[in-house]
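Encoded as structure tokens, the structure appears first; notes follow it.
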Amino acid sequence: MFREVLCFLLAVAVSASAAEAAAAPATGAFEIQRTLAEVLGEERAADLTAIVALDRPVSWEVYVPEGYDPADPPGLLVYISPIQSGRIPDNWERVLESRNLIWVSANKSGNQVHVQRRALYAVIAPTLIGADYQIDQSRIYLTGMSGGGKMASMVAVDHAHLFKGAVYNCGVEFWDKKPQRLEQVKANRYVFVTGEYDQALRPTRRVHGRYRKAGVENVKLMVIDGMGHENPPWQEMDEALAFLDGEPSDG
């Protein structure tokens, strides 16, 4: 769908190791505002003007663990929101702190925004954060909720070399054609989160089964008792991220 437009960004993002962190880098919650040209450089960004103007400011919600240490690089959790705000769900900060993960999510990237723009913001997020922070390239993860979960499931597969795992919260799609990097998809890890009362319960179960049938073994299905169509509580999100980190699991 949008993989042809964004494919070159994969090489950019994967090769863009974090720059030397500035003295006393910001930690905690804050907002970053950059234009596409500022994130990618004018030459690379010029090919994407059909998606977003070079000089259009884009804002991202960011959370950096208070104990950020470039000698112990954190992972990165990129979130695709179903609404216009990229804010962190309640109490997820404690998970980011305990798991040493930076959070980044574009604002004004909700379900009503064109899929190419939403995908672009997710794919360039590691480059954005990597300009100021050291990042563990083996722990770049993608997540999203509802329509954002569906977007995450498309972007994570199309850019499997970049995102080494993903958590699909109450929304997921199966690929529309065989991924170009299916072997990399098989090497990654994926968590399918849904709730007992979630309208996406049956589709989530179905897509989880299709991943397994396609030979993707590192998958986990979580059906949360009493939960509807919403982001999971922090305890369950921590469990999902533990699976992405390769910790022992029953799923």
* Structure fact -> Most fluctuating of ALA50, ALA24, ALA122 in the GNM of the chain (C-alpha, under 10 Å) is ALA24
* Using only alpha carbon positions, build the gyration tensor of the range 41-170, then give the equivalent ellipsoid semi-axes as the square roots of 5 times its eigenvalues, largest first, whole angstrom. => 22, 18, 14
* **Qualifying GluC sites (Glu not before Pro) for the range 184-251 [loop in DSSP, other Cβ within 10 Å: at most 11]** => GLU196, GLU217
* **Degrees, to the nearest 10: 234-244 long Cα axis against longest axis of the chain** => 80 degrees
* Scan around SER85 for amide H atoms under 5 Å from its own, H built in the peptide plane at 1.01 Å from N, and keep only partners 5 or more places away or cross-chain. => LYS108
* Gained length - ASN91 relative to TYR197, 0.36 nm times residue gap less alpha-carbon distance -> 36.0 nm
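Can you compute the FRET efficiency between PHE30 and GLU173 using 1/(1 + (r/R0)^6), with r the Cβ-Cβ distance and R0 = 30 Å? Round to the nearest 0.05. Please list the in-between numbers first.
Values: r = 32 Å, r/R0 = 1.07.
For R0 = 30 Å, the calculated efficiency reads 0.40.
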* Can you pull the Kirkwood radius for the chain, inverse mean 1/r over Cα pairs, to one decimal in Å? -> 17.9 Å
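None of the figures in this text is laboratory data; all of them are computed from the coordinates on show. Predicted model only: the values in this text are computed from it and were never measured. Positions of Cβ are backbone-derived with ideal geometry, glycine not excepted, and every protein chain shown enters the neighbour counts.
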